[in-house]
Amino acid sequence: ATDLEVSEGRYTGRISGEYCIGAGKLPYMRRFCAANGSDLEESYYYGDSIADLPVLEAVGNPVVVNPRGDLRGIALERAWPIMDFK
């Protein structure tokens, strides 16, 4: 998740570091994997929107859940698992 800036024990309303969306999630994920002895090729990621595409492309096990917009078509083209929940 995006880290929020704290100054003197209070939130400032600004973010600290990178905005965690789309490709901005990748640095966080790489650090998490490195800290936990894993890598993205072994990881699973569950995404539902086109904003998740950079991460879905980076992991070894992408899974699309209730995809919105163009993501379903991309998942079908790439033979990624699709999970639909009603």
| message | Of everything in segment 1-24, what is aromatic (Phe, Trp, Tyr) and not in a loop (DSSP other than H, G, I, E, B)? Give them in sequence order. | response | Tyr11
| query | Is there any pair with a first residue in segment 59-74 that is free of Cβ contacts under 8 Å to residues at least 40 places away in the same chain and a second that is among the polar types (S, T, N, Q) and open to solvent by less than 60 Å² (accessible area, probe 1.4 Å) whose Cβ atoms are under 7 Å apart and which are 6 or more apart or on different chains, and what are they? | reply | Val59/Ser43; Gly60/Ser43; Asn61/Ser43; Arg68/Ser49; Gly69/Ser49; Leu71/Ser49
| remark: Of the residues in segment 26-48, those that are surrounded by fewer than 16 Cβ atoms within 10 Å (Cβ to Cβ) and over 13 Å from Pro81 (Cα atoms) come to Pro27, Arg30, Arg31, Phe32, Ala34, Ala35, Asn36, Gly37, Ser38, Asp39, Glu41, Glu42
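From Glu57, Glu41, grab the single residue that is at pLDDT 95 or above and assigned to a helix (DSSP H, G or I). Give the steps one after another, and end with the answer.
Values: Glu41 fails: at pLDDT 95 or above.
That would be Glu57, the only listed residue that is at pLDDT 95 or above and assigned to a helix (DSSP H, G or I).
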| message | Pull out all pairs, ordered by first then second residue, where Cβ-Cβ is under 7 Å, the residues are six or more apart or on different chains, the first lies in segment 22-37 and is closer than 16 Å to Pro54 by Cβ, and the second is not in a helix (DSSP H, G or I). | response | Gly24/Glu18; Pro27/Glu18; Tyr28/Cys20; Cys33/Asp39; Cys33/Ser43
| request: Collect the residues in segment 14-64 that are of a type in the set (Asp, Glu) and over 24 Å from Ala75 (Cα atoms), keeping them in residue-number order. | output: Glu18
| query | Considering only segment 61-86, how many residues are open to solvent by 70 Å² or more (accessible area, probe 1.4 Å), of a type in the set (A, V, I, L, M) and in a helix (DSSP H, G or I)? | reply | 1
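The values are calculated or read from the model by the stated rules, or taken from the named source; none is laboratory data. If you're wondering where the values come from, they're calculated on a predicted model, not measured in any experiment. Cβ sites come from the backbone with ideal geometry, for glycine too, and all protein chains shown count toward neighbours. Please note that ligands, DNA and RNA were not included when accessible areas were found on the heavy atoms of the full protein model with its side chains. Shrake-Rupley method; radii C 1.70, N 1.55, O 1.52, S 1.80 Å.
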